[in-house]
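A single structure is presented below for examination.
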Amino acid sequence: MIIENASLKKYNTFGLTIKADRLVTFRLAENARNYFRRHGGSDHKLLVTGAGSNILFTGDYHGTVIHPEMDQIRLIDKKNDHVIISSGAGVVWDKLVEMTVKHGFGGLENLSHIPGNVGAVPVQNIGAYGAEAKDSICKVMAINMIDGSESEFSNSECRFAYRDSIFKHELKGQYLITEVWFRLSTRPLLRLSYGSLREEIVKMGAESLENARKVVISIRQSKLPDPSKLGNAGSFFRNPVVPAALAEELKSSYPCMPVFSEPSGDVKLAAGWLIEQCGWKGRRRGDAGIHDKQALVIVNHGNATGKELFELSEQVRSSVLEKFGIALEREVEVI
């Protein structure tokens, strides 16, 4: 389906009233292939967006927005200890997680209640509570938006890193992800070492996929606002990873600063804690604000513009840089 002068309000979780010159949606990969064979390589700017849960528009988009709606979930293979599940790019991420947990397939439970659609998962390499999408993704199917050809990317070819992938760098804007394959365990081992997960699941009486999912959802709901009620895109900034020497120096000045050791020997810091120490938690600039329960989240209290939200994010970055000497990187893509 092709819509000219299309509203993007329901395609961005900040709830911004903006438009695109053109919106193109695909229910089938075949339709996407045919479209790009005919129109690929045109001078139109292209932007792929799913639920718009990781994007901030600073104004109308003068180009074509591509929205995949492939919604099929398939069981590809089943062995004694694992299964391969395929999901279309248009599937709501948490619906997929809910389904896998219900069937006893482990691997995605710690990623429960993260907003967005499956197509964005390998792009962002979403992560939470000690788990990342890269731990379970085994293959990504995509269509080249220049010539309509199809490609498959293995896990290693996706070049996953912390909240990162090849689709955000070398291949940015070149491919439409249509399908993602996940390898999940039928004999799952729960990952409960992060934060208070183990403590909370013990209160529920049993270590199970269902209880792990319930705990993760409960924790996320207690800290993060519902985009349907308060416009936001989740964590606006990445947690910075710094050399161990710098972390030790900061720790000497701020003993309560949370730090997390990385396999590389570097140290991950909590961006939300840094922002909170700069006094931003709960503050507003008009309708643009910082969430009062999680300083990592920028929110739209009603009528903020994309530019106002972006300007607030820049003020936050400047204050963290001034106080701690750390330049925060945005997790949200600014258009």
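The values are calculated or read from the model by the stated rules, or taken from the named source; none is laboratory data. From a predicted model like this one, the values you see are computed outputs, not experimental measurements. Methodologically, a virtual Cβ is constructed for each residue, glycine included, from the backbone with ideal geometry; neighbour enumeration extends over all protein chains shown.
Take the residues of the range 219-246 that are in contact with a Ser or Thr (Cβ under 9 Å, 6 or more places away or on another chain) and of a type in the set (A, V, I, L, M, F, W, C): which is farthest from residue 290 (Cα to Cα)?
Step by step, filter the range 219-246, then rank; the result is 244.
Within the range 264-286, track down each residue that is in a strand (DSSP E or B) and farther than 23 Å from residue 244 by Cβ.
Within the range 264-286, 284, 285 qualify.
Could you tell me which of the residues 154, 193 is surrounded by fewer than 17 Cβ atoms within 10 Å (Cβ to Cβ), under 30 Å from residue 64 (Cβ atoms) and more than 16 Å from the chain's Cα centre (by Cα)? Break it down into steps so the answer makes sense when it comes.
On the way: 193 fails: under 30 Å from residue 64 (Cβ atoms).
Selected residue: 154, the only one of 154, 193 that is surrounded by fewer than 17 Cβ atoms within 10 Å (Cβ to Cβ), under 30 Å from residue 64 (Cβ atoms) and more than 16 Å from the chain's Cα centre (by Cα).
Give the range 243-263 a look and list any residue that's of a type in the set (Ser, Thr, Tyr), at pLDDT 90 or above and not in a loop (DSSP other than H, G, I, E, B), or say none.
Taking the range 243-263 as the starting set, the residues that turn out to be of a type in the set (Ser, Thr, Tyr) are 252-254, 261.
Within this subset, residues satisfying the condition of being at pLDDT 90 or above are 252-254.
Result: 252, 253.
Among the residues in the range 96-108, are any within 15 Å of the chain's Cα centre (by Cα), closer than 30 Å to residue 264 by Cα, of a type outside the set (Ser, Thr, Tyr) and not assigned by TED's automatic domain parsing to the domain that holds residue 31?
Yes, the range 96-108 contains a residue that is within 15 Å of the chain's Cα centre (by Cα), closer than 30 Å to residue 264 by Cα, of a type outside the set (Ser, Thr, Tyr) and not assigned by TED's automatic domain parsing to the domain that holds residue 31.
Follow-up. Only one of (1) surrounded by fewer than 18 Cβ atoms within 10 Å (Cβ to Cβ); (2) touching a Ser or Thr at 6+ places or on another chain (Cβ under 6 Å); (3) within 21 Å of residue 120 (Cα to Cα) fails for residue 10. Which number is that?
Status for residue 10: all satisfied but (2).
Does the range 126-142 include one or more residues that are touching a residue at least 60 places away in the same chain (Cβ under 8 Å), more than 23 Å from residue 233 (Cα to Cα) and crowded, with 17+ Cβ neighbours inside 10 Å?
Step one: filter the range 126-142 for residues touching a residue at least 60 places away in the same chain (Cβ under 8 Å), giving 128-131, 141.
Going one step further and asking which of them are more than 23 Å from residue 233 (Cα to Cα), we end up with 141.
Going one step further and asking which of them are crowded, with 17+ Cβ neighbours inside 10 Å, we end up with 141.
For the range 126-142, residues touching a residue at least 60 places away in the same chain (Cβ under 8 Å), more than 23 Å from residue 233 (Cα to Cα) and crowded, with 17+ Cβ neighbours inside 10 Å: present.
Something else: What is the number of the single condition among (1) modelled with pLDDT under 95; (2) over 25 Å from residue 262 (Cα atoms); (3) among the small types (Gly, Ala, Ser) that residue 131 does not meet?
(2)
Condition check ((1) in a loop (DSSP other than H, G, I, E, B); (2) surrounded by fewer than 22 Cβ atoms within 10 Å (Cβ to Cβ); (3) of a type in the set (S, T, N, Q)) across all residues:
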| position | (1), (2), (3) |
| --- | --- |
| 15 | yes, yes, no |
| 21 | no, yes, no |
| 44 | yes, yes, no |
| 47 | no, yes, no |
| 50 | yes, no, no |
| 62 | no, yes, no |
| 67 | no, no, no |
| 76 | no, yes, no |
| 83 | no, yes, no |
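Something else: What pairs can you find where one residue is in the range 233-262 and acidic (Asp, Glu), the other is assigned to a loop (DSSP other than H, G, I, E, B), and their Cβ atoms are less than 9 Å apart, with a gap of 6+ or different chains?
262/162
With the requirement that a residue be surrounded by fewer than 16 Cβ atoms within 10 Å (Cβ to Cβ), over 20 Å from the mean Cα position of the chain (by Cα) and closer than 24 Å to residue 297 by Cα, what does the range 196-227 give you?
Of everything in the range 196-227, just one residue is surrounded by fewer than 16 Cβ atoms within 10 Å (Cβ to Cβ), over 20 Å from the mean Cα position of the chain (by Cα) and closer than 24 Å to residue 297 by Cα, namely 196.
Also: For the range 87-101, what are the residues that are surrounded by fewer than 19 Cβ atoms within 10 Å (Cβ to Cβ) and either touching a residue at least 40 places away in the same chain (Cβ under 8 Å) or in contact with a helix residue (DSSP H, G or I) (Cβ under 7 Å, 6 or more places away or on another chain) (or both)?
92, 98
May I ask you to verify whether residue 25 is polar (S, T, N, Q) and within 19 Å of residue 306 (Cα to Cα)? Show your work before the answer.
On the way: polar (S, T, N, Q): yes; within 19 Å of residue 306 (Cα to Cα): no.
Here the answer is no, as residue 25 does not meet what is asked.
Quick check on my filter: what residues within the range 267-286 are β-branched (Val, Ile, Thr) and farther than 12 Å from residue 238 by Cα? Spell out the reasoning first.
Start the filter on the range 267-286 by keeping residues that are β-branched (Val, Ile, Thr), which leaves 267, 275.
The one that is β-branched (Val, Ile, Thr) and farther than 12 Å from residue 238 by Cα: 267.
A follow-up question, please. What are the residue pairs meeting all of these: first residue in the range 282-310, first residue closer than 16 Å to residue 227 by Cα, second residue hydroxyl-bearing (Ser, Thr, Tyr) and surrounded by 13 or more Cβ atoms within 10 Å (Cβ to Cβ), Cβ atoms under 6 Å, and 6 or more apart or on different chains?
Pairs found: 296/235; 298/313; 306/58.
So, one more: So, in the range 32-42, exactly how many residues are surrounded by fewer than 19 Cβ atoms within 10 Å (Cβ to Cβ) and touching a strand residue (DSSP E or B) at 6+ places or on another chain (Cβ under 9 Å)?
So the first thing to find is which residues in the range 32-42 are surrounded by fewer than 19 Cβ atoms within 10 Å (Cβ to Cβ), and the list is 34-35, 37-42.
Retained after the next criterion (residues that are touching a strand residue (DSSP E or B) at 6+ places or on another chain (Cβ under 9 Å)): 35, 39-40, 42.
Number of matching residues: 4.
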